[in-house]
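A.B. asks: Dropping the structure in here first, questions after.
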Amino acid sequence: MENERINVTNQYLTFKLGEEVFALDIGKVREVLEFSEVTQVPNMPGFMRGVINLRGGVVPVVDLRLKFGMDRTEKTVNTCIIIVDIIVDGEKTIIGALSDSVQEVMEMEPGQIEPPPKIGSRLRTEFITGMGKTNEQLVIILDIDRVFKTDELILVKEAQNEEVIE
């Protein structure tokens, strides 16, 4: 069964978590920021680092490394926050996704993308749109809307309603 989301040439923003290269559809990406201070919010899930003030709006920041079972993202000169639009219960929500570094914007043709691997029921792959192949390198293409479970996103959405205390 062919994945209907990968039938046209698409542009992707690639970024690294550890040694792995991931990609997001460029249409979901608003901007990339340097990693700045994050205000912690009590009782948030472990993968959520806190919130930032983005031009007067409160934006939750999630640590994708923690979400994917890796070590916490450490601040380096290359650490970035990728500001993305996601859909929560039919509403657009803005979140910041912490990454080790942003690589580049690249185009991938449908022939360069394979469906996500089927590795059994214990490994969750529903948030992977496909596996891109470029220059002998595999790129994991994420469906950012599916990376977080609905209950997790409700917590993230609630964090946006909290006041940022400066």
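A.B. asks: At R0 = 45 Å, how high is the FRET efficiency between Gln40 and Glu136 if r is their beta carbon distance? Nearest 0.05 is fine. Please list the in-between numbers first.
C.D. replies: Details: r = 41 Å, r/R0 = 0.91.
Once the sixth-power term is evaluated, E becomes 0.65.
A.B. asks: Given the Cα-Cα distance of Ser101 and Asp89 and 0.36 nm per residue of separation, how much length would full extension add, in nm? Intermediate values should be presented prior to the final figure.
C.D. replies: Working: separation 12, 0.36 × 12 = 4.32 nm, distance 2.97 nm.
Length gained, Ser101 through Asp89: 1.4 nm.
A.B. asks: Once you put a point 7 Å from the Cα of Met70 and another 7 Å from the Cα of Asn53, both along the Cβ direction, what distance in nm separates them?
C.D. replies: 3.1 nm
No lab work stands behind these numbers, since they all come straight from the coordinates. Everything numeric in this text was worked out from a predicted model, so none of it was measured. Because the Cβ atoms are built from the backbone with ideal geometry, glycine has one as well, and the counts that use them run over all protein chains shown.
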